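To start, the structure under review is shown below, and the notes come after it.
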Amino acid sequence: MNRILRFFPAIRVHSWGGLGSQLFTAYVVLKMQEKHPTRRIKVIVHTSGVTRRVSEFDFKCLGVTVNQVEDYRESIHQSLPTLVNKSLSSRFRKILKTYLLRILNKLRIIQNADSDKSFDLISPWTLILRGHYTRLTLERPLITLLFKKVFPEIAPLSSENFPFVIHYRLGDLLHLANKEPISPKRIETVLAKSKLDSDTCVVIADSDAKVVASYLEHTRVLGKCRIVKYDPLVTLWTCVQTPQFLGTTAKLSLWAAIFRHFVFDKESFLPDEFKWVCFPSINIKWY
């Protein structure tokens, strides 16, 4: 079977989103390489989303090939007749696509690999993984290996040493109707009840400092904190290394807590929205 698999097409692992989402893709690739070592793997990075995304993790370091698909489309204003015609013409294609995807999933040609159960259904004839891969059980050896892949060299990522970091996701959440950021009041309640040293707190955000300062200006504690912005990799490194860490609803916050627990045995604070993550007895205080 191993000889036969070498002649099969590479299994295509699709990835959407920023660095946090891409790390879940990297994790499922490592699990694939552990369980199906003879399978060739190709990662497909999609740029589509609310904002344009690009590959922020070097998947080639995992020994796989990578292809970035330019499928991001900016929203454009169209007239009502155009929208109606487009809707009518695309409705059949959408129904057909849904029907075909169901057949391919039944045949296990496509799997989502979002959970252990789905991952275990990956067969020799599975050709595509399309999912978020977030509910897989996290294993210390693979997490440690992934950490070494993400940070092969520490010196280039050296940033200031902060005793307490809050990673605050704002970004697109400030403009989405169905989602919103963690409220500053909720975070300040955690600060008041915990032993976190709010006087040394630094806020790392994914928005410009002026936008964050405006959002936090009426808060009692956060409005007085220093605000900085780094690229995602430096942000992750800083959040992992700080002695005290509080994250919000960003997958990057989640990965900071994962690396802190599995690699450094450090405690983190995360919102209840992440309680679905599959690891037992993790060193996290939920708020």
Got the relative contact order for region 99-162 handy, in percent, Cα pairs under 8 Å and 6 or more residues apart? 25 percent
Fewest Cβ neighbours within 10 Å first, please rank Ser15, Ser183 accordingly. Ser183, Ser15
Just want the ordering: Tyr72, Tyr99, from fewest to most Cβ atoms lying within 10 Å of their own Cβ. Tyr99, Tyr72
For the chain, what is the mean residue ellipticity at 222 nm derived from helices alone (per DSSP H run of n ≥ 4: -39500 (n - 2.57); sum divided by total residues; nearest 500 deg cm²/dmol)? -11500 deg cm²/dmol
Using Cα atoms only, what is the angle between the long axis of helix 184-193 and the major principal axis of the chain, expressed in degrees (0 to 90) to the nearest 10? 60 degrees
Tell me, Kirkwood radius of region 155-286 from alpha-carbon pair distances, in Å? 14.9 Å
Could you name the aspartates and glutamates in cross-link range of Lys148, using Cα to Cα under 14 Å and dropping any fewer than eight places away on the same chain? Asp58
Across Lys185/Lys285; Lys35/Lys149; Lys210/Lys251; Lys31/Lys94, pairs whose alpha-carbon gap is larger than 25 Å: Lys31/Lys94
Percent RCO, i.e. relative contact order, over the chain, from Cα pairs under 8 Å lying at least 6 residues apart: 16 percent
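Readers should treat all values here as calculations from the given coordinates under stated rules, not as data from a laboratory. Just so we're clear, the structure is a prediction, and the values are computed from it rather than from any experiment. Every residue, glycine among them, receives a Cβ derived from its backbone with ideal geometry; neighbour counts consider all protein chains shown.
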